[in-house]
Structures are given as C-alpha cells and as structure tokens.
1. From the residues in the range B:121-139 that are part of a loop (DSSP other than H, G, I, E, B) and in contact with a helix residue (DSSP H, G or I) (Cβ under 9 Å, 6 or more places away or on another chain), which one is modelled with the lowest pLDDT?
2. Tell me which of these residue A:175 doesn't satisfy, since it passes every other one: (1) at pLDDT 90 or above; (2) within 22 Å of the chain's Cα centre (by Cα); (3) over 26 Å from residue B:144 (Cβ atoms).
3. Only one of (1) modelled with pLDDT under 95; (2) in contact with a strand residue (DSSP E or B) (Cβ under 9 Å, 6 or more places away or on another chain); (3) within 14 Å of chain B (Cβ to nearest Cβ); (4) surrounded by fewer than 19 Cβ atoms within 10 Å (Cβ to Cβ) is not met by residue A:92, so which one is it?
4. For the range A:60-78, how many residues meet the condition of being within 14 Å of another protein chain (Cβ to nearest Cβ) and surrounded by fewer than 19 Cβ atoms within 10 Å (Cβ to Cβ)?
5. Would you confirm, using the coordinates I've provided, whether residue A:109 is more than 10 Å from the chain's Cα centre (by Cα), in contact (Cβ under 8 Å) with a residue 40 or more places away in the chain and assigned to a helix (DSSP H, G or I)?
6. Report the residue count in the range A:244-263 for those that are modelled with pLDDT of 90 or more and surrounded by fewer than 16 Cβ atoms within 10 Å (Cβ to Cβ).
7. Looking only at the range A:36-58, count every residue that is in contact (Cβ under 8 Å) with a residue 24 or more places away in the chain and either within 11 Å of chain B (Cβ to nearest Cβ) or surrounded by fewer than 20 Cβ atoms within 10 Å (Cβ to Cβ) (or both) and tell me the total.
C-alpha cells in the first residue's frame, strides 16, 4: 500500500496506538507502506513530537539490527486531574447511595469513554513497572481490569467467587468477605495465570480489603509477584487490612440519613 | 496548543479514533490547535483518505452551522477474515476441551489485542444499525461486550445470574439454563438500562440458547428492542432455541474421546 507522507503518518500513528509496548521495526513500516526507511524515521520523529505535545504518550527508539520503536501510552497530569475531578462530582450525586451504605458505580464503570480514561490513568501510575497481567475479581472489577490491561497490552485474569465448570482445574484460597464478615472462598483457573508473573491487582471499590488480601494470597499460590494495587474508589474508614494501594477517588463519608456522599480525589497523584 | 500541520494530523486522527460516533465541529479543532478552519478541513480530508485506504474506518462530514465530522470505525473484510481464521486455528487446539464438552476460551477472551479485533468485527457486522447499548450476561460475556461497546462508544449492560446487594432494585426473568436444563433466574438492575433502548446482545458461547432467550425477555421488561445477537462461537448442534444471530466461529464437533474440536468460520461474513 503506497501512501502519501501525511496519510502514512496517520496510519502509522494509528498502528502505534493500537500496539502499545510492542517493538516494531522501521522496516515493517517501510515494507508495508513502500517507503524508504529514512522517510519512516522522519515520520516517527514527527509523530513522537505530536504524541508528547498532546500528552498521548511517548515513543522510544531502540537502535541496532533488532531495533525499532515502542509506544508507551501516557496521560498529561492536568488531563488526568480534570478527569478525576469530574468523576468526583459524578460520585457525589446523592442518588448513588444504595441500602447498606453501598455506592452505585455501575453506570460509570460501563461507559467506554470513562473506562478508557480511568485505564490510562491507572496504567500511567505504574509506568516504569514491568507488568505481565492485571488481576481482578468477578464481576464488578472486570471492565476496569480490562481497561487497564488494554492500555498495558497484557492479559487480564479474573478471580471468581463461585466455581464455574467451564474453567477447568482451579486453585482456591479463603478470604474474609468485607460485606458479610464471613470466611469465603475465591477461585482462579490454573491455566489463566503463568507462574512467576508480575501482577497488578485492580478493583472497583476498596472497603474492608479482604478481597484484595485474598487475591494476594492467590498470587503466592501461583508463585507470582504483586506489583501494586489500584482501585477506582476507596472508603478508608472501613479498611481493616493494611497494604499499599492507589485510588482515583476516596469516599470519606456516606451519610445514608441525609443521602449525602463526600468524595475527594484519591492518592493516585501523590508522589 | 499550536502544532505543525503534520503533528496536527496525528493528534486529530488520535482524537477521532478515541471518539467514534461523536459529531465534532471543525471549530473545536481550529480553536484547540490555533489553525484556520480551512486548514483543519484539509487535514480531515487527508485523514479521511488514509483511514479509508488502511481500513481504519470512515469519516462523514455534516455540513451546516451545527455540522462537523463523525468517525465510524471499520475493518477491511480481508483483515477481518484473516483474524477469524487465526482464531479458528487457536480454537482447534486439542487441549481446549474441558470435561463435559466445554471449550476453554478464557485465554482468548482476556487478551486485549484479540478482544479489540473481535470488537471491531462484531461492531462492523451491525454498522448502519442504531445501537444504544450492548447487553451481556456475567461473567464470561463481559470482556466481549466491553470490547464491542468500546468500538460503538455506547454503554454496556451486565445481566447477572445471582443477586448482588450493590445493584439497587432489579428486574428478574426466568430462563432455561442450557447446561443444566433447569429453570434459572437472571437479574438486571433497573438503573442500568433506559427504557426504549435499542440493544445488541453479545455473548461468548452459544449452546442451548436459553441465556440469550432470557436476555430477550428482559429487553421486553425494559420496553427495549433487540437489534441483533452476536456470539464469539456457536455450537449449532446443541441450539434448541431459534433466533437470528451472527457468530465469528462455529464449533461443528467436540470429540471428547479423541480430544478433537472441529471449528469453522461462523456466519458473520454471510450476506
């Protein structure tokens, strides 16, 4: 496919965005778009500059025979803060309080544009870390883990609270369920996580912390390492377990009587 | 932010890709990148040509005072067929058969690059249809529905087989579970789907068809309309319900004894 330079740049930048963290040689582009390697190299330097100026991410060049370019998605801090502040005000809407002091998050976590932005922010908070997989627990955490995994371009792993026959052999651990204070079981399919993986745990809402502690013990069973924990929102008043985590939003008060939620920006931007 | 033309084109094409199906006025770009509207218009026509040549999608221009451009993601049929044929051979691997004649799909449906491609293919199969939401059933269908919803830029709706307290009030229907032949219940949170929505149902694997029939009756309860049904794979031998659907892959035989699965391209490319 022979394209004009300007068209080629559009197509190459689209390719890089859809293939983050993957090394692509300049020859691949040169052959695909029937252009000299030197022209592709110039295209890349323009794309690199545009990506950096617009906060889309950065492009690294690896030199040598097996070299090429790698795109790492990013997000400008100002853009990230603006997104989180808007989520803060969405979460503060009074009609989100459900019986039992829970907060309705489903609408936010099922809107692609919000998920994509949240995925970019969480992935960016762990940039520089080697991550092989994103882990979450069914069902609420799945779209969020999916969004983070999309940006990191790694698989996601879904831990289950019930045993499905279509998963094959599983490993299970016990954990203390925050909502009921009971000992429950969680399950992970043996095939779904390779041993010695470096794993980022992602969840929608952190209350007691029991679920995340459970996932951490599952990681031990798979000889894997915890890189970090990221949650969409936390309610630190109720957190009994102690572990480091990053949150986009922090719920400091749920006043069921007056139907009022107090939400602040979480610790994700803390240095 | 003032950018050179070539940089501006990279940034505008990135914006369009991340905001499909949304009308954006040329003035928005003109103001954001401090350029004349006529220059933006030229940029768009170059991007349009590149998107079409590379099968990324097409850009429509709406004229008039409230006009602008709308990007609709697409996929070239040759690319789509190559992706589905590769999935065919992945699914034919013998070690996918689980006890009970089930097939292990989790690895494919938790890999972002595969999900994104499958999302593009399914969304493209319903192009021209007005779709307000994508519906699926927890847990396996969620990543797939999420991927299709990303491309269509609409919310996705998750039907549950159990009742979670954090969902608020729900509507439930009965359905015949294909795996157990029993009458089961499925639930959908009242707030998660607006009445009069046009809905695309997406699921990972179609066997008996009871789950999809159940979701269709839920749509009636929400005064909503079924636009279509799309599944990742079907096993038509076992389908008892009759409804129109599109499948990427079709499993014609699961030979547990010889550990062999026969998989063909589904009906998604049929006219």
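1. Within the range B:121-139, the first condition is being part of a loop (DSSP other than H, G, I, E, B), and the residues that meet it are B:126-132, B:138-139.
Imposing the further condition that a residue be in contact with a helix residue (DSSP H, G or I) (Cβ under 9 Å, 6 or more places away or on another chain) reduces the set to B:126, B:131, B:138-139.
On the way: B:126: 96, B:131: 98, B:138: 89, B:139: 86.
The qualifying residue modelled with the lowest pLDDT is B:139.
2. With respect to (1) at pLDDT 90 or above; (2) within 22 Å of the chain's Cα centre (by Cα); (3) over 26 Å from residue B:144 (Cβ atoms), residue A:175 is out only on (2).
3. Failed condition: (3).
4. The qualifying residues number 2.
5. On the way: more than 10 Å from the chain's Cα centre (by Cα): yes; in contact (Cβ under 8 Å) with a residue 40 or more places away in the chain: yes; assigned to a helix (DSSP H, G or I): yes.
Yes: the conditions hold for residue A:109.
6. Residues in the range A:244-263 being modelled with pLDDT of 90 or more and surrounded by fewer than 16 Cβ atoms within 10 Å (Cβ to Cβ): 2 in total.
7. First, the residues of the range A:36-58 that are in contact (Cβ under 8 Å) with a residue 24 or more places away in the chain: A:39-40, A:43-44, A:46-47, A:50-51, A:55-57.
Still in the list and also either within 11 Å of chain B (Cβ to nearest Cβ) or surrounded by fewer than 20 Cβ atoms within 10 Å (Cβ to Cβ) (or both): A:39, A:43-44, A:46-47, A:50-51, A:55-57.
Residues meeting the conditions: 10.
Yes or no, residue by residue, for (1) modelled with pLDDT of 95 or more; (2) in a helix (DSSP H, G or I):
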position: B:3; (1), (2): no, no
position: B:7; (1), (2): no, yes
position: B:17; (1), (2): no, yes
position: B:44; (1), (2): yes, yes
position: B:47; (1), (2): yes, yes
position: B:60; (1), (2): yes, no
position: B:64; (1), (2): no, no
position: B:69; (1), (2): yes, no
position: B:82; (1), (2): yes, yes
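The values are calculated or read from the model by the stated rules, or taken from the named source; none is laboratory data. As the structure is a prediction and not an experimental result, all values here were calculated from the model. Here the Cβ is made from the backbone with ideal geometry for all residues, glycine too, and neighbour counts use every protein chain on show.
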